[in-house]
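Input: a single structure, listed below in C-alpha cells.
Here, each number is a calculation from the coordinates, and none is a lab measurement. Note that this is a predicted model, so its numbers are computed, not measured. A quick note on method: Cβ atoms are made from the backbone with ideal geometry, for glycine too, and the neighbour counts reach across all protein chains shown.
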Amino acid sequence: MPKPTTVLLLAVVGVGAYVAGAKAGRARYRDISHAAKHLWDDPSLRKARKRARKVVDSAAHRASKKLGA
C-alpha cells in the first residue's frame, strides 16, 4: 500500500492538472475546490502531513549538521 503522502501528492497533481487543462467552468472548479478542502481537512491526512513535516524537519536538521551550518 502506498504511503499517504504519495497518495496525497498524486491527488494534488491530478486535481491541479485537471483544473489547469480542462475548460470546466466555474461550477466544476467549485466542486473540485470543495472536495480538495474536504480532503485536506481529513484527520488522517492531517496526521500524515504532520508526520511528513517531522521527517522533513529532521532530515533538514541532519543535513545542516553535515554541512556545518
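Quick look at the numbers
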read-out	value
Helix 43-67 vs. the chain, principal-axis angle (Cα, 0 to 90°, nearest 10)	40 degrees
Nearest 10 degrees, 0 to 90: helix 26-40 Cα axis against the chain principal axis	30 degrees
Calculated [θ] (222 nm, deg cm²/dmol) that DSSP helices of n ≥ 4 give over the chain, each run adding -39,500 (n - 2.57)	-29000 deg cm²/dmol
Estimated distance in nm for a label pair at Thr6 and Tyr18, the labels positioned 7 Å out from Cα along Cα-to-Cβ	2.2 nm
Angle between the chain longest axis and helix 4-21 axis [Cα atoms, degrees, rounded to 10]	40 degrees
For the chain, built as a Gaussian network whose Cα springs stay under 10 Å, the top-fluctuating residue of Ala27, Ala52, Ala11	Ala27
